[in-house]
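The values are calculated or read from the model by the stated rules, or taken from the named source; none is laboratory data. Just so it is clear, the model here is predicted, and its values are computed rather than measured. We place every Cβ from the backbone using ideal geometry, glycine too, and count neighbours over all the protein chains shown. Protein only, heavy atoms only, side chains kept; ligands, DNA and RNA dropped before computing areas. Shrake-Rupley method; radii C 1.70, N 1.55, O 1.52, S 1.80 Å.
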Amino acid sequence: MDSEVPPTLSLVSVLSLLGCSLQLLVAALLTHRYGGRSSKTDWWILLWLFYDVIVHLTLEGPFVYMSLVGTVETSEGPLAELWKEYGKADSRWLVSDPNIVSLEILTVVLDSLLALLLIHAVLSDKYYRHFLQITLSVCELYGGWMTFCPDWLLGSPHLDTSNPLYLWVYLVFFNGLWVLVPVLLLVQSWLCLQSLHAVKEDRRTAQKKKKL
């Protein structure tokens, strides 16, 4: 007898994915509005930062609220349904897991603030831009590690990887974005700081030659 095939796309799944697409569209419109004069690289960075802030404030912010006043599992409304859908992949998000809620409070407050400041720094070409970019990227990577590592060490009892949608879209894709992009931002900061250092060394060399 064939084993039961896990459910795939439901109406809630489709609406949740559409909601995420709408967030990306809003981020793109904001980037077009404010980042039109930026370089191609900075345009993409701004797109990510706007999307990052939108996700933190409009998705994770309500999750924190629901988890502090009750649980996602007992909450009602469109955002509660979205988080209940994600909770099918990781059940900790349904029950106000202290580790998850603690990380999300940090994410909503600190990461959102850092991202907003970084948007300003990129648009205004501030000297502290890469300090913020590195700090934010490390915070995002730390959040991802501490979200999953404790559960991995226990044998992943709260993760449902039997459904391809839950595994590859909810867990791998959406969480993987907050690993891949911060790593790329760290590399970009490294290369920019390396370039600035090279310019400084060239100036020193030129000054020494003038003195000779």
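Laid out as a table, the results:
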| read-out | value |
| --- | --- |
| Residue-averaged 222 nm ellipticity for the chain, from DSSP H runs of 4+ at -39500 (n - 2.57), nearest 500 | -23000 deg cm²/dmol |
| Selected from LEU136, VAL72, LEU193, residue furthest toward positive end of dipole (the range 11-210; charges at beta carbon) | LEU193 |
| Which of TRP44, PHE148, HIS158, positive extreme of dipole for the range 11-210 (C-beta unit charges) | TRP44 |
| Proximal aspartates and glutamates relative to LYS210, as straight alpha-carbon distance under 17 Å, when same-chain residues fewer than 8 apart are discounted | GLU201, ASP202 |
| Length gained when the stretch GLU73-VAL95 is fully extended (0.36 nm per residue, less Cα-Cα span) | 7.3 nm |
| Net charge dipole size for the range 11-210 [Lys, Arg +1 and Asp, Glu -1 on Cβ; Debye, nearest 20] | 1540 debye |
| Mean shadow area of the range 11-210 over all directions, Cα convex hull, nm² | 13.5 nm² |
| Rounded accessible area per residue of the range 1-108, 1.4 Å, Å² | 57 Å² |
| Overall Cα dimensions of the range 114-192 - principal axes, largest extent first, Å | 47, 23, 22 |
| Candidate lysines for bridging to LYS40, where Cα separation is under 21 Å - those fewer than 8 sequence places away on the same chain excluded | LYS126 |
| Separation of alpha-carbon centers, the range 80-135 and the range 15-44, rounded to whole Å | 17 Å |
